[in-house]
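Student: To start, I am sharing the structure in question, which I have written as C-alpha cells.
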Amino acid sequence: QVQLVESGGGLVQAGGSLRLSCSASGTIFSINNMGWYRQAPGKQRELVATITSGSYTEYADSVKGRFTISRGNVKNTVYLQMNSLKPEDTAVYYCKGNLNYMNYWGRGTQVTVSS
C-alpha cells in the first residue's frame, strides 16, 4: 500500500526556518508530480509548491522567495525548506504525490509560527 508520511513540522518564531520532509513508501513504479499544500484553521486547503519529475517547480505567490521545494537523492522523497517564516504561514502542511498514476495525500504536519 502506497503511503506518504510528512515530518519536520513544529513551533518556530517569526523569521525562523523549518524543513519539511515527505517520504513515499510501498510498491511504487511511477513518481510524477509531488507537492506541498497547507490548510489554516477556517480556511480551504491551498497550494504551496509543486515539483515535477523533471524538477520544474511552481510556488504560491505568498511563499515565493522564502520557500524552496526539492527532491531528495532518493526520488520518493520531497522537501520543503521554509525560511523567513511568518505567523500567516501557520497551518497543517500536507504532502501530495502522484504515484503509480494516482494521487495520494499524507496526514499532514503542523507548522506554527509565533509572532
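Student: Mind listing whichever residues of the stretch 39-56 are surrounded by 14 or more Cβ atoms within 10 Å (Cβ to Cβ), of a type outside the set (A, V, I, L, M) and either without any contact (Cβ under 8 Å) to a residue 40 or more places away in the chain or in contact with a Gly (Cβ under 7 Å, 6 or more places away or on another chain) (or both)?
Tutor: Thr50, Thr52
Student: Right, another one. Scan the stretch 57-76 residue by residue and report those that are under 22 Å from Val12 (Cα atoms) and surrounded by 15 or more Cβ atoms within 10 Å (Cβ to Cβ).
Tutor: Within the stretch 57-76, Tyr59, Ala60, Val63, Arg66, Phe67, Thr68, Ile69 meet the criteria.
Student: I would also like to ask the following. Please go through the stretch 97-115 and pick out each residue that is assigned to a loop (DSSP other than H, G, I, E, B), on the phi < 0 side of the Ramachandran plot and not hydroxyl-bearing (Ser, Thr, Tyr).
Tutor: Gly106, Arg107
Student: What is the residue count in the stretch 1-34 for residues that are under 16 Å from the mean Cα position of the chain (by Cα), closer than 24 Å to Ala91 by Cα and of a type outside the set (A, V, I, L, M, F, W, C)?
Tutor: Number of matching residues: 11.
Student: Still on this model: Identify, from the list Tyr94, Tyr79, the residue that is in a strand (DSSP E or B), open to solvent by 40 Å² or more (accessible area, probe 1.4 Å), out of contact with any Pro (no Cβ under 8 Å at 6 or more places or on another chain) and touching a residue at least 12 places away in the same chain (Cβ under 8 Å).
Tutor: Every option except Tyr79 fails the conditions.
Student: So is Gln44 modelled with pLDDT of 95 or more and part of a loop (DSSP other than H, G, I, E, B) or not?
Tutor: In short, yes.
Student: Looking for something assigned to a loop (DSSP other than H, G, I, E, B) and touching a Phe, Trp or Tyr at 6+ places or on another chain (Cβ under 8 Å) - is there at least one such residue anywhere in the stretch 47-67?
Tutor: Taking every residue of the stretch 47-67 in turn, none turns out to be assigned to a loop (DSSP other than H, G, I, E, B) and touching a Phe, Trp or Tyr at 6+ places or on another chain (Cβ under 8 Å).
Student: Then there is this: Taking the stretch 1-13 only, how many residues are exposed (fewer than 14 other Cβ atoms within 10 Å of the Cβ) and in a loop (DSSP other than H, G, I, E, B)?
Tutor: Within the stretch 1-13, residues that are exposed (fewer than 14 other Cβ atoms within 10 Å of the Cβ) and in a loop (DSSP other than H, G, I, E, B) number 1.
The values are calculated or read from the model by the stated rules, or taken from the named source; none is laboratory data. Just so you know, these numbers come straight off a predicted model, no measurement behind them. Counting neighbours? That spans all protein chains shown, and the Cβs are built from the backbone with ideal geometry, glycine included. Accessible surface areas use protein heavy atoms only, side chains included; no ligands, DNA or RNA. Shrake-Rupley method; radii C 1.70, N 1.55, O 1.52, S 1.80 Å.
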